[in-house]
Amino acid sequence: MMPRATSLPAYLADMQREIEGYAREYGLDFFDTIFEVLDYQRMNEVAAYGGFPTRYPHWRFGMDFEGLAKGYEYGLSKIYEMVINNDPCYAYLLEGNSSVDQKMVMAHVYGHCDFFKNNFYFSRTNRRMIDGMANHAMRIRKHIERHGIDKVEAFVDVCLSLDNLIDPHSVYVERRTRARENTAEKEDADPSREVPKLRAKSYMDKFINPPDFMEKQKQRMDKEKEKEKKFPERPERDVLLFLTNHAPLERWERDVLEVIRDEAYYFAPQAMTKIMNEGWATYWHSKIMTQKALRASEIIDYADHASGVTASAPGQLNPYKLGVELYRHIEERWDKGQFGKEWDECTDMAARKSWDRRLGLGKKKIFEVRKLYNDITFVDEFFTEEFCRSNKFFSFGFNERSGNWEIETREFKKVKDKLLFRLTNFGQPFIYVEDGNFENRGELMLRHKHEGVDLKMDHARDTLEALARVWKRPVNILTRVDAKGKLMRFDGRDHSEKGADYSDK
């Protein structure tokens, strides 16, 4: 279902043409963009649906709507813009906003639309996802009609609690094809798997190679071969795909799981590029507004509203602020030639401070960065010590003794490492399917790739319960807690834990 076709009021249509013209002058390249004006209630409804006009029925959307509505009514929050990664892009303007706000939102939206179209990590997303979401809603509504809302909604709850167990990079590589090819190569290299014999004349063979011994050796080798046929052959990070293919689900359950997985992959690039995407949109709305679109009478209002976008709060990372400052830093460096071997090897602080080769490559560089990077590579490469120091970055931590958020460190390496760790896998643990027939009992065995932080035990138990609901057999996870291996198990009724060998792989 497409958003209802509405024409903008004349003054907003003129404003859109003006802002779009400025965006194209600066070199932004985007899909056709359709704006729609919504009142605050309808805006909150669409926001609760993740920006889409229709979604499948579920209680969490109602909860999100209530939270957004109360935030607006009490003046705690206000949605200024929403835009959908689609072709054409759809964006929403809040009815009653000032003309300055509407201009800023339009300029911000065109930055997002350019990013959606050109960033590599969005290249595999469904560009007709408005239709896709409507199709998902129809499929789940049919299951509700057949099986009842309580039963279907309960299973949707289970699937949503697992929707982070995907492999967000799998759409850009061919992990499974490569695994099958490697397995075939091994089988071709050793097709017979025969028990090696000691050389002997025929009449001495049964004495030198006793039949009983040879039979035992063959059985041992057969067992080893069976172990090699592990299920799955290699650890599978896309847990939802494994469950879709192998869990004993009813047809409707499998369809629901496929819907949740499809939507999880659609939203994954947005999580992978949050800092870059918001920073890019903020960079361009700032440039378009300050250099082209603002009238003299609008400057104060714009400055007031724009400052709120990049404001920071204790204990929180503002992606708008970090993103836009990094783009500006990159632009300045490449304009001045502050890159390359000569720059890296310069240790004279005075020379580095006054370094300016007047290359003027900044704009070209930020467009290149916008196309090829995600948040992790963006921060890893361009969050330099100079940038950290000049922007006064530090890491926060919660002091349980004082009950306050406090500065932990201003040391560059620690600040950067903590930021990168927070961005890696969206700050969530790496979980793999290790064995789909654990100990030959049909149980599911998962493995937590320990990255220095233990699992939250309450979250781990909840996840095991959800997995058991899908797998319909006991579920296990191997992890490390306080530097000791631990095997956690849920059999459908009770949780149990025991020590286990945990070796890094």
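The values are calculated or read from the model by the stated rules, or taken from the named source; none is laboratory data. Only a predicted model underlies this, so the values are computations on that prediction, with no experimental measurement involved. Every residue, glycine among them, receives a Cβ derived from its backbone with ideal geometry; neighbour counts consider all protein chains shown.
Kindly list, by first and then second residue, each pair from a residue in segment 257-277 that is under 15 Å from Tyr172 (Cβ atoms) to a residue that is modelled with pLDDT under 95 and not in a helix (DSSP H, G or I), limited to pairs with Cβ atoms under 7 Å and residues at least 6 apart or on different chains.
Here the result reads Ala268/Pro168; Met272/Pro168, each pair linking segment 257-277 to a residue that is modelled with pLDDT under 95 and not in a helix (DSSP H, G or I).
Do we find a residue being in contact with a Pro (Cβ under 6 Å, 6 or more places away or on another chain) and in contact (Cβ under 8 Å) with a residue 40 or more places away in the chain anywhere in segment 110-121?
So far as segment 110-121 goes, yes, one or more of its residues are in contact with a Pro (Cβ under 6 Å, 6 or more places away or on another chain) and in contact (Cβ under 8 Å) with a residue 40 or more places away in the chain.
Just checking, which of Pro57, Pro3, Pro9 is over 30 Å from Lys364 (Cβ atoms), surrounded by 14 or more Cβ atoms within 10 Å (Cβ to Cβ) and modelled with pLDDT of 90 or more?
Just one listed residue meets the conditions, Pro57.
Which condition breaks for Phe120 when tested against (1) buried (at least 16 other Cβ atoms within 10 Å of the Cβ); (2) within 21 Å of Trp280 (Cβ to Cβ)?
Of everything listed in (1) buried (at least 16 other Cβ atoms within 10 Å of the Cβ); (2) within 21 Å of Trp280 (Cβ to Cβ), Phe120 misses just condition (1).
Would you be able to tell me the number of residues in segment 220-247 that are exposed (fewer than 11 other Cβ atoms within 10 Å of the Cβ) and either modelled with pLDDT of 85 or more or not in a helix (DSSP H, G or I) (or both)?
Count: 1.
Could you please find all residues in segment 93-150 being within 26 Å of Phe30 (Cβ to Cβ), among the aliphatic types (A, V, I, L, M) and under 26 Å from the mean Cα position of the chain (by Cα)?
Of everything in segment 93-150, those that are within 26 Å of Phe30 (Cβ to Cβ), among the aliphatic types (A, V, I, L, M) and under 26 Å from the mean Cα position of the chain (by Cα) turn out to be Val105, Met106, Ala107, Val109, Met129, Ile130, Met133, Ala134.
Limited to segment 331-349, what total is found for residues that are among the charged types (D, E, K, R) and free of Cβ contacts under 8 Å to residues at least 12 places away in the same chain?
So the count comes out to 5.
Of the conditions (1) modelled with pLDDT of 90 or more; (2) out of contact with any Phe, Trp or Tyr (no Cβ under 8 Å at 6 or more places or on another chain); (3) on the phi < 0 side of the Ramachandran plot; (4) outside any helix (DSSP H, G or I), Ala350 clears all except one; give me its number.
Every listed condition holds for Ala350 apart from (4).
Using beta carbons and a limit of 6 Å, which pairs, at least six apart or on different chains, have the first residue in segment 480-505 and among the hydrophobic types (A, V, I, L, M, F, W, C) and the second one surrounded by 15 or more Cβ atoms within 10 Å (Cβ to Cβ) and in a loop (DSSP other than H, G, I, E, B)?
Listed pairs, sorted by first residue: Val481/Asp454.
If you go through segment 422-440, how many residues are under 10 Å from the mean Cα position of the chain (by Cα) and either of a type in the set (A, V, I, L, M) or part of a strand (DSSP E or B) (or both)?
1
Looking at segment 447-457, can you tell me whether even one residue there is β-branched (Val, Ile, Thr) and surrounded by 13 or more Cβ atoms within 10 Å (Cβ to Cβ)?
Within segment 447-457 (the criterion being β-branched (Val, Ile, Thr) and surrounded by 13 or more Cβ atoms within 10 Å (Cβ to Cβ)), the answer is no, since none of the residues qualifies.
Among the candidates Glu174, Glu181, which residue alone is within 17 Å of Phe242 (Cα to Cα), of a type in the set (Asp, Glu) and at pLDDT below 95?
Testing whether each residue is within 17 Å of Phe242 (Cα to Cα), of a type in the set (Asp, Glu) and at pLDDT below 95 leaves just Glu174.
Return the residues of segment 25-54 that are more than 14 Å from Ala91 (Cα to Cα), modelled with pLDDT of 95 or more and surrounded by 13 or more Cβ atoms within 10 Å (Cβ to Cβ); say none if nothing qualifies.
Listed by number, the residues that qualify are Tyr26, Leu28.
For a quick check of your reading of the model, give me the residue pairs whose first member lies in segment 292-315 and is more than 22 Å from Tyr22 (Cβ to Cβ), whose second is modelled with pLDDT under 85 and among the charged types (D, E, K, R), with beta-carbon atoms closer than 6 Å and at least 6 apart or on different chains.
From residues that are more than 22 Å from Tyr22 (Cβ to Cβ), there are no pairs.
Kindly provide the set of residues from segment 355-404 that are modelled with pLDDT of 95 or more, more than 30 Å from Arg24 (Cβ to Cβ) and among the β-branched types (Val, Ile, Thr), ordered by number.
Hit for segment 355-404 is Ile376, nothing else.
Would you confirm, using the coordinates I've provided, whether Trp355 is surrounded by 14 or more Cβ atoms within 10 Å (Cβ to Cβ), not in a helix (DSSP H, G or I) and not assigned by TED's automatic domain parsing to the domain that holds Tyr283?
yes
Only one of these is basic (Lys, Arg) and farther than 22 Å from Phe115 by Cβ: Lys365, Lys371, Lys321, Lys336. Name it.
Lys336
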